Amino acid sequence: MPQIAQLAEFWSSQVFWTLIFFAITFFVIGRGMVPKVMGTVELRDNQIKEDLAAAQSARDAADQQEEAWRERENENRVAAQGVIADAKAKAAAANEKKLASAQKRLDTKLAEAEAEIEAARVSAMAEIEGVAADATQDIVVRLSGEKVDKRTARAAVKKALTNA
């Protein structure tokens with residue numbers, strides 16, 4: 001077959017050109033492009049590592065700032081509670097003072113009112129004794145026809161009121 005006879009001629013030529021093509025491809029891609037691509041990949045990996053490290057340091061700084069803020073917040077809260085407690089204590093003391101002053105005024109008014117009541121009671125009792133003595137004189141005169149003097153009638157009314 002003639003096609004098989006030509007195979008040896010073409011085979012050596014094809015192998016030669018294949019080797020030339022692969023050599024050119026190896027040098028262009030393998031020695032020219034691959035190192036550039038690998039350099040770019042390495043730069044990208046380094047950039048990613050740096051970005052991750054920067055993000056981690058930013059996170060750590062933010063965590064530290066947050067912790068410092070929380071501590072300040074807690075200190076401020078404690079200070080505010082102290083101020084509130086002081087204000088409550090001062091208000092309670094002021095209220096206690098006002099209540100004591102009001103109680104003194106009320107006690108004074110109460111003592112005055114009791115004195116007035118006692119004076120009115122004494123006056124009313126004296127008036128009642130006078131009226132009762134007069135009534136006693138009239139009753140004795142009407143019932144027995146005898147006249148009793150005012151002093152005796154008063155003494156009898158006082159005795160009756162003290163026993164009652």
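Which residue out of 136, 162 is open to solvent by 90 Å² or more (accessible area, probe 1.4 Å) and in a helix (DSSP H, G or I)? It would help to see each step written out before you state the result.
On the way: 136 fails: open to solvent by 90 Å² or more (accessible area, probe 1.4 Å).
Only one candidate qualifies: 162.
Return yes when residue 146 is in contact with a helix residue (DSSP H, G or I) (Cβ under 7 Å, 6 or more places away or on another chain), acidic (Asp, Glu) and on the phi < 0 side of the Ramachandran plot and no when it is not. Show your work before the answer.
Working: in contact with a helix residue (DSSP H, G or I) (Cβ under 7 Å, 6 or more places away or on another chain): yes; acidic (Asp, Glu): yes; on the phi < 0 side of the Ramachandran plot: yes.
It is true that residue 146 is in contact with a helix residue (DSSP H, G or I) (Cβ under 7 Å, 6 or more places away or on another chain), acidic (Asp, Glu) and on the phi < 0 side of the Ramachandran plot.
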Checklist outcome for this item: How many residues of the stretch 114-149 are of a type in the set (Gly, Ala, Ser) and over 19 Å from residue 162 (Cβ atoms)? The answer is 5
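If we keep just the residues of the stretch 141-159 that are out of contact with any Asp or Glu (no Cβ under 6 Å at 6 or more places or on another chain) and β-branched (Val, Ile, Thr), which is least open to solvent (accessible area, probe 1.4 Å)? Full working, then the answer.
So in the stretch 141-159, the residues out of contact with any Asp or Glu (no Cβ under 6 Å at 6 or more places or on another chain) come out as 141-156, 158-159.
In the following step, the residues that additionally are β-branched (Val, Ile, Thr) were identified as 141, 148, 152.
Values: 141: 65, 148: 44, 152: 76 Å².
The qualifying residue least open to solvent (accessible area, probe 1.4 Å) is 148.
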Checklist entry - For the stretch 99-120, does any single residue satisfy the condition of being surrounded by 10 or more Cβ atoms within 10 Å (Cβ to Cβ), touching a residue at least 24 places away in the same chain (Cβ under 8 Å) and assigned to a helix (DSSP H, G or I)? => result no
Item to check | Qualifying residue in the stretch 112-128 (condition: under 30 Å from residue 152 (Cα atoms) and in contact with a Leu (Cβ under 9 Å, 6 or more places away or on another chain)) | outcome: yes
Checklist outcome for this item: Scanning the stretch 141-159 residue by residue, the ones that are in contact (Cβ under 8 Å) with a residue 12 or more places away in the chain and small (Gly, Ala, Ser) total 2
Checklist entry - What single numbered condition from (1) more than 47 Å from the chain's Cα centre (by Cα); (2) open to solvent by less than 70 Å² (accessible area, probe 1.4 Å); (3) of a type outside the set (Ser, Thr, Tyr) fails to hold for residue 62? => result (1)
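Condition test on residue 29, is it among the hydrophobic types (A, V, I, L, M, F, W, C), exposed (fewer than 10 other Cβ atoms within 10 Å of the Cβ), in a helix (DSSP H, G or I) and without any contact (Cβ under 8 Å) to a residue 60 or more places away in the chain?
Working: among the hydrophobic types (A, V, I, L, M, F, W, C): yes; exposed (fewer than 10 other Cβ atoms within 10 Å of the Cβ): no; in a helix (DSSP H, G or I): yes; without any contact (Cβ under 8 Å) to a residue 60 or more places away in the chain: yes.
For residue 29, the condition - among the hydrophobic types (A, V, I, L, M, F, W, C), exposed (fewer than 10 other Cβ atoms within 10 Å of the Cβ), in a helix (DSSP H, G or I) and without any contact (Cβ under 8 Å) to a residue 60 or more places away in the chain - is not met.
The values are calculated or read from the model by the stated rules, or taken from the named source; none is laboratory data. Bear in mind that the values here come from a model prediction, so they are computed numbers and not experimental data. With ideal geometry, Cβ positions are generated from the backbone for all residues, glycine too; neighbour counts draw on all protein chains shown. For the accessible areas, the whole protein counts, side chains as well, though only heavy atoms, and no ligand, DNA or RNA atoms are used. Shrake-Rupley method; radii C 1.70, N 1.55, O 1.52, S 1.80 Å.
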